[in-house]
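Here's the structure, in structure tokens; my notes come after.
The values are calculated or read from the model by the stated rules, or taken from the named source; none is laboratory data. Predicted model only: the values in this text are computed from it and were never measured. Quick reminder, even Gly has a Cβ in these numbers, built from the backbone with ideal geometry, and neighbours come from all protein chains shown.
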Amino acid sequence: MSNSLTNLKFTRATHGSGWFHFCLAFLLLPTLVLFAQEAEEQGAGPPAAEQNVTREPLARYLVVNSPVDDNVFRSVRNTAISLQEQAVQEDRTAVLILEIRPGQSEFHQVYGLAQFLSSARANRLTTIAWVPETVTGNNVVVALGCKEIVLHPDALLGDIGRGKPVDASEEQSILSLVNKRHNLQVNNDLVLGLLNPDVSLLQITLERDGVSEKRVVTEQQAKVLRDNQLVITDVEVIKDKGKPGLFSGKQARELGLLVSHTVNQQAELAEIYRIDPQNLKAHLGSSEHSQVRLIDVTQIIDPVLEAFIDRQIERALKEGAQTLIFRIKSPGGYLISGTNLATRIAELEERKIRTIAWIPEQALSSAAITALGCDEIYIGPNGQIGDAGVIHQQFDGAFERVPEKIISPLLQTLNSLADRKHRPAAVLQAMTLKDLQVFQARHRETGRIWYMSEEELQDRAEWIKGPMVPESAEGLLLTLQGERAVDLKVAAAVAEDLNDLKERLNIPPDVELKAVARTWVDTLIYILNDPFVTGFLFFIAIICIYIELHLMVGFFGICSALCFSIFFWSRYLGGSASGLEILLFLIGLTCILLEIFVIPGFGVFGVTGAVLMLLSLILASETFNNIEPQVNSQKLFQVLTMIGIPILAVIVSSMLIGKYLPQIPLLRHIVLTPPTGKHAGDTDTFQLRPDLLEGSRGPIALGEQGVSVTILRPAGKARFRNQLLDVITEGPYIQPATTIEVVEVHGNRIVVRELLEAETGRA
């Protein structure tokens, strides 16, 4: 439009029909303005010059912990220099936010840091001291070295000498620093009140040429002003003599001194300074770089890896780690495991633990979801993140995508992570919904760039719809690579390698980042959770039970119990079992023992116990959930196969054992089989009383006598009237060829006792 008007003016100067063109331009002007507004609403955006003005400032956030030392200074300096260089290259404004933490530091350290912040090496930066809680002592000097100070309303700032006057040389150094910084909310008299409790401070109102001006002065300075015939219309004492110079955020804001803003939460800084909320993630500002731990996520994400990562996190935290770096190289895996890990990592923020995802190659599917749980994401130049669609494998081995309408739990998780970690929710959803279109949006007032879906834009009139993100227009699940992930606010920056990552995180080059090592327990758990190994454990456990029922020596029962204990231990640490499964197994085992030894009946306790034990084994073998449809049935089939094959193998083995075990010389003397005469190699046999063998077959009655054929420990075999029956004793073990008497009969359960010699002649 400006070019058209210029041409019209030029025509007016060179031709006689100037008035005609002028009138034509005047008439067309409203139409052109309306057209420009319409173009802007349709996403054409402002001109290039305006875009440069409204571009988001570059921003970095550092935590200045106590004590301030050389490492803290180096962290702040390196970050500031790097940020200023980037600001110059891109011709953008830059903001450096320093969160000042309470504590005590040496004066020369804090003064050196404050001097750097007010030097030419940081003059392109807007340095902001953010004080969320009360800070006193020398650390206040760092805040005075910044261009602006932001306080929490309830936080206090001041009392540099902590109840005592500051040394005269230090006082002059601080006053010189304040004069150099030119913070409009701070002057020499105010700083004197912060330095010396013996100084009283007044807030006066000066009248000059009909203009009122409020100023903070000392009593001495107020006297000087009066002596100079200046009109002071109002005086308010804001600090009494003898009291420390401490001001809360609320008080300072009401008085119009010391602070530029007061905020309740860190997130409000993003709105005030028009920066990306993701840039409020703290970079390392502590000297304790040994508190950084590197954890590798380099396999298929499943319950075993999930439990392994959980253990790695706990080990790192017990060692005092404050920052966890997850190096992710994974094509994905189980959805439930990925979402669990993302939630677990995101919750570390509540414990003041900083989490960083580094993706040198790829983090796809559930691995991408895991990365989204971290505070910051750094990606390699060719690294990829995204493609988080939910799929399941059919029984024929083919993979099929789950319909989008039934993955609402995943979308809720992504929205929660987006809100928690300050990333565009629409971009994260597009990684799961292939038909979701994402648009660039610009805030009408601040010019902030964000990314939203069509539905989001309809509900937010303060955002102007821009062009569509090309990757979301292809009808595929969104996958971002390198710089593109940074552009769409998913990743914080591109890191070439581990050394580049350390530099961006201000970790000294001499600090070696080594992944937390896997222990022998972790390796053993991986082995034991293998389906083949688990099936072998089941086989050994069941076959030992079978042998124990025949031999009754106790050894094989212990072996079986040990196998089941190893199974539950490995599955508990592997993440698929909990206390519930172990409890069900123990209850089932108790029911079976009651059925055998205590409670008579028709097998109700035995059947119930077997069902509970089987159910506990199934539940402990896999993690079942309702997020991935049709996967549960597939998992159940795999578990039943893993349990069924060992049972089938036990049946075959039992047939062989029943046939050949009695023929083994070392075992045949303790096998619970009835004697059939003289075994090969035996020299001794025992004779059964003929009077106890005679008679017809029929039901066994109370008081009926027989002979134990095998040792009863407490179960075994006995003969009654030519019937070989399973019996159980009511107390101590009974040796073979001993006369016994029936004392209880309940269905197939026969309880016997040993007859004394005096009783054996009884009919």
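Taken together, the criteria exclude T233 from residues that are at pLDDT 85 or above, of a type outside the set (D, E, K, R) and more than 50 Å from the chain's Cα centre (by Cα).
Condition check: more than 28 Å from A363 (Cα to Cα), among the charged types (D, E, K, R) and not in a loop (DSSP other than H, G, I, E, B). Does R442 satisfy that?
Details: more than 28 Å from A363 (Cα to Cα): yes; among the charged types (D, E, K, R): yes; not in a loop (DSSP other than H, G, I, E, B): yes.
Criteria met by R442.
Inside the range 309-364, residues that are surrounded by 22 or more Cβ atoms within 10 Å (Cβ to Cβ), in a helix (DSSP H, G or I) and not β-branched (V, I, T) make up a count of 7. Elements of the type helices (runs of 4 or more DSSP H) sitting completely within the range 34-138 and holding at least 2 residues that are at pLDDT below 85: these cover 48-54, 70-90.
In the range 408-423, the residues that are in contact (Cβ under 8 Å) with a residue 24 or more places away in the chain reach residues that are exposed (fewer than 15 other Cβ atoms within 10 Å of the Cβ) with C-beta atoms within less than 9 angstrom, at least six apart or across chains, in these pairs: P409/N626; H422/A267. Look at (1) modelled with pLDDT of 85 or more; (2) crowded, with 17+ Cβ neighbours inside 10 Å; (3) polar (S, T, N, Q) and you find that Q172 fails only one, number (2). Quick one: is V150 within 17 Å of S260 (Cα to Cα) and buried (at least 18 other Cβ atoms within 10 Å of the Cβ)? Here the answer is yes, as V150 does meet what is asked. In the range 248-258, is there at least one residue being more than 53 Å from the chain's Cα centre (by Cα) and basic (K, R)? Scanning the range 248-258, I find no residue that is more than 53 Å from the chain's Cα centre (by Cα) and basic (K, R), so the answer is no.
Specify the residue that is nearest to H746 (Cα to Cα); the eligible residues are those in the range 585-604 that are at pLDDT 75 or above and crowded, with 20+ Cβ neighbours inside 10 Å. Within the range 585-604, the match that is nearest to H746 (Cα to Cα) is C591.
Working only within the range 415-427, note down all residues that are surrounded by fewer than 24 Cβ atoms within 10 Å (Cβ to Cβ) and in a helix (DSSP H, G or I).
Listed by number, the residues that qualify are N415, S416, L417, A418, D419, R420, K421, A425.
Taking the range 84-121 on its own, how many of its residues are in contact (Cβ under 8 Å) with a residue 24 or more places away in the chain and farther than 24 Å from G158 by Cβ?
Going through the range 84-121 one residue at a time, the tally reaches 11.
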